[in-house]
Amino acid sequence: MQQEVQTYKKMSSEKLWSLPYVFLMVSNALLFMVFEMMLPTLPLFVRTIGGDAAQIGLVTGSFTLSAILVRIFAGVLATKINKKYLLIIGVAICTLTTGAYYLAPNVSILVAIRLVNGAGFGLASTYFATIVAEVIPKERRGEGIGYFGVGETVAISIGPMIGIMLLDLYGYQRLFLGGMAILLLSIMSIFLVKRKVTEEVPLQGVRVKLFEKRVFFPSFLVFFTGFAASGIMSYLSLYALDKNFEQVGLFFFTIAIASFIVRFFSGSLFDKYGPSIILIPGAILSLLGFFVLFNADSNPSFFIAAFLYGFGFGAIFPAIQTWCLNLVEEHQHEDAMASFYNFFDIGIGGGAVLLGLLAAKYSYQAVFLVAMICYIFFLMMYTVYKFRKNMIK
């Protein structure tokens, strides 16, 4: 035990906060800020150019589809083009398409632009994760990935508010131009990153992969977290309206604050003890959050649910991401992250559709009941996995 503590102290002394790490964190946060700015405002734009509710869903879904498809080629592309340049290309695509939204005369053109935007976001999100993994000391990867996600959490909490504010004050043109300006800052931050390649990439045997087999189990777990999260993202506002809860924005802000807090210590715990100490309590807290939300009958219980869920999800997401990175060699990080993000996005997209059907037939409460079941499955599968792993030992 004393030897383990000494080893951990040695690991913790390695430098984490390098300039490349900070620049990547800022750049990634700016990308997610623009993504979040578009979430509440783009559906309104669809309506102004003549779109209906079904077409709003098409615009939203097309983004996810192209992001998933382009990630399949992430590993092969990294053997032919410098990852830094691929990251710049991804953010540049997002920059140009964000400005192009305003030029769309109808929904069909907007869907086409959205498809291209999704492809850019798919590239950017994958290479952000893999390049930042290069600049983090391997022994502090859980801590580093956890802190890296703090920028995303801040962006998620303020992005929708900034988007709505820009729209109310200046209209759609300046909203989209503002998004472009923020993404240009993101690109400038990437240019300041000096990348050190620590391992030669073997060109032989690198191929297009639908998913990386070695990260299938943790990716399957993140699918369940995405499926459950879609219930919050898609139907919380309508549920709150039915239950006469106030300040829905504060609910999401509470989730962001809880996620922000937990990342300051969950990563170092992962590095010291492994995934179990994060995933099991995180899943239990998320389950409790949905349970409180299901039974909520007052504003205080509404916000308690947000804090519990945010604390659990904020710990689980970077832990599984780090786990996936640790399961493969460095030159396979792209495939691992592609699988991780794709399973999560499929969970989000599939959950939004299936839970919508469930809500239409039963109630919005039923959505959160299914979310609880997702986390029960999560705990059961991880428990079986650990039991079998220990038996093999």
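The values are calculated or read from the model by the stated rules, or taken from the named source; none is laboratory data. Given the structure is predicted, the values throughout are model-derived calculations rather than measurements. We place every Cβ from the backbone using ideal geometry, glycine too, and count neighbours over all the protein chains shown. Calculation scope for accessible area: heavy atoms of the full protein, side chains included, ligands and nucleic acids excluded. Shrake-Rupley method; radii C 1.70, N 1.55, O 1.52, S 1.80 Å.
Things to note:
- Cα gyration tensor category, rounded, prolate or oblate, for segment 257-369 with a/c compared to 1.5: oblate
- For the chain, with +1 on Lys and Arg beta carbons and -1 on Asp and Glu, the positive-most of 316, 391, 363 along the dipole: 391
- Label-point gap, in nm, between residue 217 and residue 363 - each point 7 angstrom along Cα→Cβ: 3.9 nm
- Residue-normalised accessible area of segment 216-336, expressed per residue, 1.4 Å probe, Å²: 37 Å²
- Size descriptors for the chain: radius of gyration and Dmax over Cα atoms are 20.6, 67 Å.
- Lys, Arg +1 and Asp, Glu -1 on Cβ, resulting dipole of the chain about Cα centre, debye, nearest 20: 820 debye
- Full-stretch length increase - residue 19, residue 108 - with 0.36 nm per residue and alpha-carbon distance subtracted: 27.8 nm
- Three-way shape label, segment 326-391, alpha-carbon gyration tensor, a/c 1.5: oblate
- Computed FRET value (nearest 0.05) for residue 73 with residue 380, which takes r as the C-beta separation and R₀ as 22 Å: 0.05
- Cross-link pairs exceeding 23 Å in C-alpha to C-alpha distance, out of 84/213; 15/272; 15/194; 213/386; 272/386; 83/194, comprise 84/213.
- Within-15-Å neighbourhood charge of residue 303 [Cβ basis; K, R +1; D, E -1]: -1
- Ellipticity estimate at 222 nm from DSSP helix runs (n ≥ 4, -39,500 (n - 2.57)) divided over the chain, nearest 500: -29000 deg cm²/dmol
- Across all Cα pairs in segment 221-260, the calculated P(r) in 10 Å bins from zero up to the longest distance comes to 27, 50, 22, 1 percent per bin.
- Here segment 333-393 and segment 18-56 have alpha carbon centers that stand 24 Å from each other.
- Packing-based ranking, highest mean first, of 65-75, 145-155 given that Cβ atoms within 10 Å are counted: 145-155, 65-75
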